[in-house]
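A.B. asks: Below is the structure I would like to discuss, written out as structure tokens.
The values are calculated or read from the model by the stated rules, or taken from the named source; none is laboratory data. In this text, all values refer to a predicted model and were calculated from it rather than measured experimentally. No Cβ is skipped: glycine too gets one built from the backbone with ideal geometry, and neighbour counts run over all protein chains shown.
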Amino acid sequence: MNDGQLIYEWEQSLEEVFIYIKAPDCLLSKNKEEIRRNLKPGQEMPKLEVKFLPNHLKIGIKNLPPYIDEDLPNKIKASESLWQLDGDEINITLIKAIKAETWVCALKGHDTLNALQKEEMQKKMLLERFQEEHGGFDFSDAEINGNVPDPRTFLGGIK
């Protein structure tokens, strides 16, 4: 949140962190024709630039200052991470460097998960891990009660 305005939403799985950002108006297909008509000679259509570094994410319009230029709370596999413009949303997929690591925030210094949210996230990831390790079983209705273990290290850790 920035001045009460939602900047992005995020979620995570065992291997990925997903960030959803409302695309700037200049990237929306419904505005492209008007933007094209208003271009001055030599000007180009606005293009999205996304740069992934092991501990940093930068997002912006080419030749303008980035509107997201933030450190990440944990390391990623930068060369495997990707982005996609989907309608009016920019979808960022960060590939975790350490599988099943629980991220408490998507961008360093931004809102972090509270204890209850972190526990819920760990439950989700633990069930995802069980499903992955025991493909013949259905864990979709499973519940975890009590203290939730770390999905990365529980029962000998990730295989």
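A.B. asks: Which is loosely packed, with under 14 Cβ neighbours inside 10 Å and either touching a residue at least 40 places away in the same chain (Cβ under 8 Å) or outside the structural domain of T102 (by TED's automatic domain parsing) (or both), of Y20, Y67?
C.D. replies: Checking each option against the conditions leaves just Y67.
A.B. asks: Report whether or not I59 is assigned to a loop (DSSP other than H, G, I, E, B), within 18 Å of E16 (Cβ to Cβ) and not polar (S, T, N, Q).
C.D. replies: no
A.B. asks: Give the residue that is surrounded by the most Cβ atoms within 10 Å (Cβ to Cβ), with candidates limited to residues of region 139-159 that are under 15 Å from K123 (Cα atoms) and of a type in the set (D, E, K, R).
C.D. replies: R152
A.B. asks: Ok, one more. If I filter region 49-60 for residues that are in contact with a Ser or Thr (Cβ under 9 Å, 6 or more places away or on another chain) and either surrounded by fewer than 17 Cβ atoms within 10 Å (Cβ to Cβ) or closer than 30 Å to I144 by Cα (or both), do I get at least one hit?
C.D. replies: The answer is no, given that none of the residues of region 49-60 is in contact with a Ser or Thr (Cβ under 9 Å, 6 or more places away or on another chain) and either surrounded by fewer than 17 Cβ atoms within 10 Å (Cβ to Cβ) or closer than 30 Å to I144 by Cα (or both).
A.B. asks: Within region 83-107, which residues are touching a residue at least 24 places away in the same chain (Cβ under 8 Å) and part of a strand (DSSP E or B)?
C.D. replies: The answer is W83, L85, E89, I90, N91, I92, T93, L94, I95, K96.
A.B. asks: Another one. Among the residues of region 72-113, write down those that are among the acidic types (D, E) and buried (at least 17 other Cβ atoms within 10 Å of the Cβ).
C.D. replies: Once the filter is applied, which keeps residues that are among the acidic types (D, E) and buried (at least 17 other Cβ atoms within 10 Å of the Cβ), region 72-113 yields only E101.
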